[in-house]
Amino acid sequence: MSILDDISTALQSGRSPKVKEAVNKALEEGIKPQDILEQGLIAGMNIIGEKFKNNEVFVPEVLVAARAMNAGTSILRPLLVAEGVQSKGTAVIGTVKGDLHDIGKNLVKMMIEGKGMTCVDLGVDVSPEQYVQAAIENNAQIICCSALLTTTMVEMKNVVEECKKQGIRDKVKIMVGGAPITQAFCDEIGADYYTSDAASAADVALAICEGRM
Ligand code: B1M
């Protein structure tokens, strides 16, 4: 098995020290940081994402895999920056105003980062103005809104309206998700994409940034 397969396997089982060790070994072998990122770390995270979608692994496994991913990327980040490797795109993410649930939002963030994209996390209880301001400041292609309460999901419409008010609606795609959200609700409020799980959200985010959606 190659060292890149080792990295992918260790990431999938959430073994952060092993991921770090294998990433360092790959660098010593002269493998390019970008190849380690794409063929080791992102490849492993993609497998976890697919298994999560198919209910073959669950939230705890995804969380430890994401921690292992962070362990690996923390070594690579300075090298990638020095090499001038471009992020694949930028998404702003948060849980909507009035809502403090963040477990699903954090999973979406981890999966998006696992695709090699930048994800600006605004946390919970995020106002429409905060989403839009952050999207403008970070030149983001996507705003991701998560909501878990039927009383707060209505805030997503305000995010769509704020984007229109600030003149960025044609520059940014709005993705929505969370337990009470449906495709019908997404259509009704004029958002762009709904997905039911974090791995699919990351697939769509990458497709948007690569111009496939
Ligand atoms: Co709350 N809570 N909660 N809660 N809570 C629910 C959501 C509830 C369904 C429980 C129930 O009554 N059965 C209910 C909502 C009912 C409703 O609105 N109809 C509820 C309630 C009522 C409340 C309070 C009002 C309770 C109270 O105080 N009386 C209160 C509200 C506080 C607030 O937000 N203002 C409250 C508080 C809390 C805790 C703080 C205790 C805690 C949150 C801790 C935290 O998040 N840090 C909590 C929890 C844990 C839950 C449950 C048990 C679990 C939610 C969760 O994390 N699920 C939940 C009941 C349940 O779901 N069984 C419940 C796991 C997570 C991975 O799933 O977030 O759905 P989820 O994410 C999924 C997908 O939805 C998707 O990806 C993930 C999976 O891949 N997804 C996206 C999520 N965001 C996405 C964005 C996307 C795409 C996909 O694109 C952008």
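List the residue pairs whose Cβ atoms are under 6 Å apart, where the first residue sits in segment 135-158 and is within 17 Å of ALA205 (Cα to Cα) and of a type in the set (Ser, Thr, Tyr), the second is assigned to a helix (DSSP H, G or I) and within 6 Å of the ligand (Cβ to nearest atom), and the two are 6 or more positions apart or on different chains.
SER146/GLY104; SER146/LYS105
Exactly one of these conditions fails for ASP125: (1) surrounded by 17 or more Cβ atoms within 10 Å (Cβ to Cβ); (2) within 22 Å of LEU100 (Cβ to Cβ). Give me its number.
If we test ASP125 against (1) surrounded by 17 or more Cβ atoms within 10 Å (Cβ to Cβ); (2) within 22 Å of LEU100 (Cβ to Cβ), just (1) comes out false.
Would you confirm, using the coordinates I've provided, whether ASN158 is outside the structural domain of LEU63 (by TED's automatic domain parsing) and touching a strand residue (DSSP E or B) at 6+ places or on another chain (Cβ under 8 Å)?
No, not satisfied.
Which of the residues that make up segment 18-42 are surrounded by fewer than 18 Cβ atoms within 10 Å (Cβ to Cβ) and under 24 Å from VAL108 (Cα atoms)?
LYS20, GLN34, ASP35, GLU38
Restricting segment 187-212 to residues that are free of Cβ contacts under 8 Å to residues at least 40 places away in the same chain and away from the ligand (no atom under 12 Å from the Cβ), which is farthest from GLN141 (Cα to Cα)?
GLU188
Residue by residue through segment 8-31, note down the ones that are farther than 28 Å from VAL57 by Cα and touching a residue at least 24 places away in the same chain (Cβ under 8 Å).
LEU27, GLU29, ILE31 - these are the residues of segment 8-31 that are farther than 28 Å from VAL57 by Cα and touching a residue at least 24 places away in the same chain (Cβ under 8 Å).
So which strands (runs of 3 or more DSSP E) are wholly in segment 89-186 and hold at least 1 residues that are more than 8 Å from the ligand (Cβ to nearest atom) and closer than 27 Å to GLY72 by Cα?
Where strands (runs of 3 or more DSSP E) fall fully within segment 89-186 and carry at least 1 residues being more than 8 Å from the ligand (Cβ to nearest atom) and closer than 27 Å to GLY72 by Cα, they are 90-95, 118-121, 142-146.
Go through (1) over 14 Å from the mean Cα position of the chain (by Cα); (2) at pLDDT below 90; (3) not charged (D, E, K, R) for VAL64 and report which single condition fails.
So the condition that VAL64 fails would be (2).
Take the conditions out of contact with any Phe, Trp or Tyr (no Cβ under 9 Å at 6 or more places or on another chain) and charged (D, E, K, R) and apply them to LYS88. Does it pass?
Yes; evaluated as a whole, the condition is true for this residue.
Just checking, how many residues over segment 54-88 are touching a residue at least 12 places away in the same chain (Cβ under 8 Å) and assigned to a loop (DSSP other than H, G, I, E, B)?
3
The values are calculated or read from the model by the stated rules, or taken from the named source; none is laboratory data. No experiment lies behind these values; they were computed from the predicted model shown. Here Cβ is always computed from backbone atoms with ideal geometry, including for glycine, and neighbour counts include all displayed protein chains.
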